[in-house]
Structures are given as structure tokens and as C-alpha cells.
Amino acid sequence: MYNPYVTEEIRCPAGTLLGSCYSKPYLLDDVEETNNNADIVAWKNHSANEAALMIIPVGVKQLKKIIAAPEQYHYWQHEQVRLAINYEAFKECRLALPEIIPVFRFWLIDFAPPSVDWRLIESFPFAGIVLSEDFFNANYQKFTFPFLLSSFAEREIMVIVRSTQPAPPAEVMRALNIAGWQHQRRASAPSP
């Protein structure tokens, strides 16, 4: 099973496990510059549901290392692994990313930050998009929101929402084409 101390579960509208997202501090210890990512895709971390996704957040520094030496990250080339990058990392590395698309699948986190260039997002084959709680709350009742999400569904881009709030009813999630809900731990809450 995924280590519950370093992951947040992502649940489908029906409540079944879609995947788990690793927290950034687990991946890279900046203080000691010790990379702890080699054991993430290990047998002990596999879910009982082999179809469950592993979402691994990657910063700019680490993304550049992956681009420079993709063979050193063979454990992240597993079919169920998705690398989550923010818009700034995507924008900075976008010209080199197509070289590694055949072996890695990417999700965009921090969707629609201020001054986003939509053409860049539309032209890249993201496998998924993560909406923040703030973005979801500010937009889900707008007339155009379902159309935006359906355009992702048409391109087979999975959309999840990361939130501290409980998931809305399954019917709402399905109507909006939301594939999953990642229940985020509150920053002030103690670790389990």
C-alpha cells in the first residue's frame, strides 16, 4: 500500500481509489540534498489496486535532471506513474519536454495561474490537470466551467480537484467531468 504519511489519496466519484499523490517534502530533502525518490515506485508502495495512479510532484530542478538523464528515472516510467509539474516548470522546460513524452506522462498542477499562456497548455499532451480548491470554488458555478472541463474530457485529459473540503456528490463530479477528488491535509493538522 502507499505510505499514508507521505501521500494523499485521490478518489473517483464512486469513492474508489483512483491514485495517490506524494508530497513534495518526501521527494527531495533540500537541506541535505538527498534525493529520496528511487524507492517510491517500489513493491512496498504499490496499492492493492494495481490500476491506481501514482502522482509524483516534480520541481524545476528535478525536472531538468529528468530531461538531462531520463534513463536514470526508469522507475518513474511505469504505466501508472504521472509526474506533476507546475506551470512555471512547464513553461521553463517546455521546449525539452517533447523529447521525454514517449516515456513519461505529465499532469499540470496549479492550473490557470495569473498570466498563463493558454496556447502552451493546449499544445502539450498533458495526461491530467489538477484544479486547486480556490480555482474550483471560484469557477464551478460559472456557465463556462462545464464546457472547459468537457474540453479536457474530449482530449482524454483527466481532471482532479485538490481540496481540504469533502468531495461533492458523485453526480456533481460526473456532470462536471471531474475524475477524482484529492482530499488535501490541512497545513495546521498534525500528521497521522
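The values are calculated or read from the model by the stated rules, or taken from the named source; none is laboratory data. Computed from a prediction, not measured in an experiment: that's the story for all the values here. When we count neighbours, we look across all protein chains shown, and the Cβ atoms used for this are built from the backbone with ideal geometry, even at glycine. Please note that ligands, DNA and RNA were not included when accessible areas were found on the heavy atoms of the full protein model with its side chains. Shrake-Rupley method; radii C 1.70, N 1.55, O 1.52, S 1.80 Å.
Things worth noting here:
- Label-point gap, in nm, between Ala112 and Val172 - each point 7 angstrom along Cα→Cβ: 1.7 nm
- Orientation-averaged projection of region 120-179 equals 4.2 nm² [convex hull of Cα atoms, one quarter of hull surface area].
- Extending 7 Å from the Cα toward the beta-carbon at both Glu92 and Glu122 defines two label points whose distance is 2.7 nm.
- Compactness ratio for region 80-162: Cα radius of gyration over 2.2 N^0.38 Å (N = residue count) comes to 1.08.
- Its Cα gyration tensor gives region 70-124 an equivalent ellipsoid. The semi-axes, each the square root of 5 times an eigenvalue, are 22, 12, 9 Å from largest down.
- Order of exposure, largest accessible area first, which applies to Trp76, Trp118 with probe 1.4 Å: Trp118, Trp76
- Rg to Rh, two decimals, where region 46-192 supplies the alpha carbon set and Rh follows Kirkwood: 0.96
- Here region 105-146 is assigned +1 on the Cβ of each Lys and Arg and -1 on the Cβ of each Asp and Glu. Its dipole about the Cα centre then comes out at about 140 debye.
- Per-residue surface analysis assigns Glu88 an accessible area of about 110 Å², computed on protein heavy atoms at 1.4 Å probe radius.
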